[in-house]
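**Q** Provided herewith is a single structure, encoded as structure tokens, for subsequent inquiry.
The values are calculated or read from the model by the stated rules, or taken from the named source; none is laboratory data. Source: prediction; values computed, not measured. Please note: Cβ atoms are built from the backbone with ideal geometry, for glycine as well, and neighbour counts cover all protein chains shown. Calculation scope for accessible area: heavy atoms of the full protein, side chains included, ligands and nucleic acids excluded. Shrake-Rupley method; radii C 1.70, N 1.55, O 1.52, S 1.80 Å.
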Number of protein chains: 2
Amino acid sequence: MRILITAGPTREHLDTVRFLSNSSSGRMGYAIAAEGIRRGHQVVLVSGPVDRPAPRGVLLESVTSAAEMFDACVRLFADCDAAVMAAAVCDYAPARPADRKLEKKTDGPLIVELHPTRDICAHLGAGKGHRVVVGFAMEDHDHHAHAEAKLQRKRCDAIVMNDRTSAGRDEGTIEILAARRGWRTPVSGSKDALARVIVDLVESLMSGAAG
Amino acid sequence: MRILITAGPTREHLDTVRFLSNSSSGRMGYAIAAEGIRRGHQVVLVSGPVDRPAPRGVLLESVTSAAEMFDACVRLFADCDAAVMAAAVCDYAPARPADRKLEKKTDGPLIVELHPTRDICAHLGAGKGHRVVVGFAMEDHDHHAHAEAKLQRKRCDAIVMNDRTSAGRDEGTIEILAARRGWRTPVSGSKDALARVIVDLVESLMSGAAG
């Protein structure tokens with residue numbers, strides 16, 4: 001099986017120095033990629049800027065912005081059987097990034113207009129056919145309602161919901177919502193252990209999709 | 001000698017997940033801290049969020065935002081003989097950060113108002129007395145004019161100017177402007193080598209200040 005995995009944050013530049021981002025370390029996505037390789041799958045890893053080496057054997061595509069990640073995913077998913085969207089993609093980006101460092105004004109506000117970025121997971125979900133797409137959700141309130149809405153809107157086969165407090169840490173808790181199967185009991189553990197649960201999920205969805 | 005060193009980026013949260021930041025890795029500031037310890041100085045390291053261990057022997061104060069870094073520096077500089085401001089402090093922060101993750105709108109822009117953060121280096125410079133303050137500048141245009149203006153405005157004893165392209169990398173090029181001594185020839189090398197040049201500078205400024 002050939003699996004597309006996204007990992008890490010994206011960065012949305014306001015100018016050459018400043019950017020919008022989030023605290024994703026890429027740990028979860030990289031652990032899923034390593035587990036995929038361990039099980040003999042081919043892994044295509046589309047990664048935002050993180051400070052960690054790619055697991056041996058993955059095909060790594062490094063990107064910076066949500067727009068670059070979108071383009072890489074659309075291109076690379078064409079040859080894949082499944083996609084696991086573990087990256088924390090910025091959903092807003094500055095509308096008019098400056099091509100040089102903005103001067104700091106001595107006082108007074110700076111007004112920045114942000115535009116929504118294109119939804120990678122929804123785009124892959126819409127064109128997936130019989131392939132499997134697993135989305136991720138990180139919420140800090142109304143967790144279940146948000147994840148259920150995402151599953152529908154993005155046409156995912158499952159949503160992995162992780163807690164905001166696990167971003168950048170070695171352990172975490174995930175809760176899985178699979179289409180037509182509902183919520184599973186939350187699982188806590190190291191990101192390596194959670195990666196095994198997620199690859200189990202992908203394999204089970206693939207055999208379901210094939211059957 | 002007791003030296004305050006700042007390192008890393010700061011993060012200015014827009015909500016619980018999204019923040020403004022920059023690509024500083026903290027490598028330069030941590031290298032200066034390690035060199036300070038090696039020469040027998042006491043080192044107080046005020047660090048933004050970075051993914052590296054503090055050098056053995058430093059007193060580490062971890063902060064996230066520019067406002068937290070300001071408070072820590074003002075408090076800790078009271079007992080120090082010199083300050084080396086190697087952190088890439090965000091100079092703008094969202095005026096009204098949300099205490100929960102903002103919902104993504106399906107379309108339409110999000111307008112964010114940013115306010116200037118307080119200038120840590122200028123604040124320490126104004127109250128430094130006979131102590132030494134070394135500022136940093138990272139510019140991508142009009143380098144010398146910007147650095148010269150910073151030296152005056154922030155009342156620094158010297159400005160270390162580094163190139164934008166060296167952020168997050170192991171090597172770099174710095175150019176030093178010292179008050180009443182003008183520009184020195186640029187120096188390129190590993191950040192460890194550049195750290196030695198910068199600690200030499202601090203020691204020389206201190207002996208000048210004492211003399």
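**Q** For region A:153-182, what are the residues that are over 17 Å from A:A122 (Cα atoms) and assigned to a strand (DSSP E or B)?
**A** Scanning region A:153-182 gives A:N162, A:D163, A:E171, A:G172, A:T173, A:I174, A:E175, A:I176, A:G182.
**Q** Go through the residues of region A:34-43 one by one and say whether even a single one is within 14 Å of another protein chain (Cβ to nearest Cβ) and either touching a Ser or Thr at 6+ places or on another chain (Cβ under 6 Å) or under 15 Å from A:A86 (Cα atoms) (or both). Before you say what the answer is, go through the steps one by one.
**A** Filtering region A:34-43 for residues within 14 Å of another protein chain (Cβ to nearest Cβ) gives none.
Checked against the condition, which is being within 14 Å of another protein chain (Cβ to nearest Cβ) and either touching a Ser or Thr at 6+ places or on another chain (Cβ under 6 Å) or under 15 Å from A:A86 (Cα atoms) (or both), region A:34-43 yields no hits at all.
**Q** Can you tell me which of B:V74, B:V84 is away from every other protein chain (no Cβ under 14 Å), assigned to a strand (DSSP E or B) and within 29 Å of B:L60 (Cβ to Cβ)?
**A** Working: B:V74 fails: assigned to a strand (DSSP E or B).
Answer to the check: B:V84.
**Q** Turning to a different aspect of this structure: I'm trying to understand the selection: among the residues of region A:97-115, which are in a loop (DSSP other than H, G, I, E, B) and either open to solvent by 50 Å² or more (accessible area, probe 1.4 Å) or facing chain B (nearest Cβ under 9 Å) (or both)? Walk me through how you get there before you give the answer.
**A** Our first condition is that a residue be in a loop (DSSP other than H, G, I, E, B); within region A:97-115, this holds for A:97-109.
A:P97, A:D99, A:R100, A:K101, A:L102, A:E103, A:K104, A:K105, A:T106, A:D107, A:G108, A:P109 - these are the residues of region A:97-115 that are in a loop (DSSP other than H, G, I, E, B) and either open to solvent by 50 Å² or more (accessible area, probe 1.4 Å) or facing chain B (nearest Cβ under 9 Å) (or both).
**Q** Output the number of the condition that A:A93 fails; it satisfies all remaining conditions of (1) in a loop (DSSP other than H, G, I, E, B); (2) touching a Leu at 6+ places or on another chain (Cβ under 7 Å); (3) buried (at least 18 other Cβ atoms within 10 Å of the Cβ).
**A** Here A:A93 clears every test but (1).
**Q** Of (1) touching a residue at least 60 places away in the same chain (Cβ under 8 Å); (2) closer than 24 Å to B:S21 by Cα, B:R96 satisfies all except one. Which?
**A** (1)
**Q** While we're here: Out of all the residues in region A:183-211, which are part of a loop (DSSP other than H, G, I, E, B) and closer than 21 Å to A:A149 by Cβ?
**A** The first filter runs over region A:183-211 and keeps only residues part of a loop (DSSP other than H, G, I, E, B), leaving A:184-186, A:211.
Those that are part of a loop (DSSP other than H, G, I, E, B) and closer than 21 Å to A:A149 by Cβ: A:R184, A:P186.
**Q** I'd like to check something: does region B:181-195 contain any residue that is open to solvent by less than 10 Å² (accessible area, probe 1.4 Å) and touching a residue at least 12 places away in the same chain (Cβ under 8 Å)? Don't jump to the end; show me each part of the working.
**A** Kept after step one, since they are open to solvent by less than 10 Å² (accessible area, probe 1.4 Å), are these residues of region B:181-195: B:194-195.
Filter once more, keeping what is touching a residue at least 12 places away in the same chain (Cβ under 8 Å): B:194-195.
Yes; the residues of region B:181-195 include at least one that is open to solvent by less than 10 Å² (accessible area, probe 1.4 Å) and touching a residue at least 12 places away in the same chain (Cβ under 8 Å).
**Q** Can you name the residue in region A:48-58 that is open to solvent by 50 Å² or more (accessible area, probe 1.4 Å) and at negative phi and is also farthest from the other protein chains (Cβ to nearest Cβ) among such residues?
**A** Applying the first criterion (open to solvent by 50 Å² or more (accessible area, probe 1.4 Å)) to region A:48-58 yields A:51-53, A:56-57.
Those still in the list that are at negative phi too: A:51-53, A:56.
Working: A:D51: 5, A:R52: 9, A:P53: 13, A:R56: 21 Å.
By that ranking, first place goes to A:R56.
**Q** Among residues belonging to region A:59-71 that are away from every other protein chain (no Cβ under 14 Å) and buried (at least 20 other Cβ atoms within 10 Å of the Cβ), point out the one that is farthest from A:G125 (Cα to Cα). First the steps, then the outcome.
**A** Step one: of region A:59-71, the residues away from every other protein chain (no Cβ under 14 Å) are A:59-61, A:63, A:67-71.
Going one step further and asking which of them are buried (at least 20 other Cβ atoms within 10 Å of the Cβ), we end up with A:63, A:69-70.
On the way: A:V63: 21, A:M69: 15, A:F70: 13 Å.
The residue in question is A:V63.
**Q** Criterion first (of a type in the set (D, E), more than 13 Å from chain B (Cβ to nearest Cβ), open to solvent by less than 60 Å² (accessible area, probe 1.4 Å) and touching a helix residue (DSSP H, G or I) at 6+ places or on another chain (Cβ under 7 Å)) does A:D157 satisfy it?
**A** On the way: of a type in the set (D, E): yes; more than 13 Å from chain B (Cβ to nearest Cβ): yes; open to solvent by less than 60 Å² (accessible area, probe 1.4 Å): yes; touching a helix residue (DSSP H, G or I) at 6+ places or on another chain (Cβ under 7 Å): yes.
Yes: the conditions hold for A:D157.
**Q** Hey, another quick one. The conditions are (1) buried (at least 19 other Cβ atoms within 10 Å of the Cβ); (2) more than 12 Å from chain A (Cβ to nearest Cβ), and B:T10 fails exactly one of them. Which is it?
**A** (2)
**Q** Let me ask you something else. Would you confirm, using the coordinates I've provided, whether B:A126 is in contact with a Pro (Cβ under 6 Å, 6 or more places away or on another chain), modelled with pLDDT of 95 or more and of a type in the set (A, V, I, L, M, F, W, C)?
**A** On the way: in contact with a Pro (Cβ under 6 Å, 6 or more places away or on another chain): no; modelled with pLDDT of 95 or more: yes; of a type in the set (A, V, I, L, M, F, W, C): yes.
Criteria not met by B:A126.
**Q** Looking at region B:13-47, which of its residues are assigned to a strand (DSSP E or B), in contact with a Pro (Cβ under 6 Å, 6 or more places away or on another chain) and open to solvent by 20 Å² or more (accessible area, probe 1.4 Å)?
**A** Within region B:13-47, the first condition is being assigned to a strand (DSSP E or B), and the residues that meet it are B:13, B:19-21, B:42-47.
From the residues that got through so far, the ones that are in contact with a Pro (Cβ under 6 Å, 6 or more places away or on another chain) too are B:13, B:21.
Answer for region B:13-47, where residues must be assigned to a strand (DSSP E or B), in contact with a Pro (Cβ under 6 Å, 6 or more places away or on another chain) and open to solvent by 20 Å² or more (accessible area, probe 1.4 Å): just B:H13.
**Q** What tally of residues in region B:116-152 results from selecting those that are exposed (fewer than 15 other Cβ atoms within 10 Å of the Cβ), within 13 Å of chain A (Cβ to nearest Cβ) and either touching a helix residue (DSSP H, G or I) at 6+ places or on another chain (Cβ under 8 Å) or part of a helix (DSSP H, G or I) (or both)? Steps first, please.
**A** Step one: filter region B:116-152 for residues exposed (fewer than 15 other Cβ atoms within 10 Å of the Cβ), giving B:126-127, B:129-130, B:141-142, B:144-145, B:149, B:152.
Now restrict to residues that are within 13 Å of chain A (Cβ to nearest Cβ): B:141-142, B:145, B:149.
Narrowing further to those that are either touching a helix residue (DSSP H, G or I) at 6+ places or on another chain (Cβ under 8 Å) or part of a helix (DSSP H, G or I) (or both): B:145, B:149.
Qualifying residue count, region B:116-152: 2.
**Q** Let me ask another. Evaluate region A:93-104: report whether one residue or more is under 20 Å from the mean Cα position of the chain (by Cα) and either more than 27 Å from B:E139 (Cβ to Cβ) or among the polar types (S, T, N, Q) (or both).
**A** no
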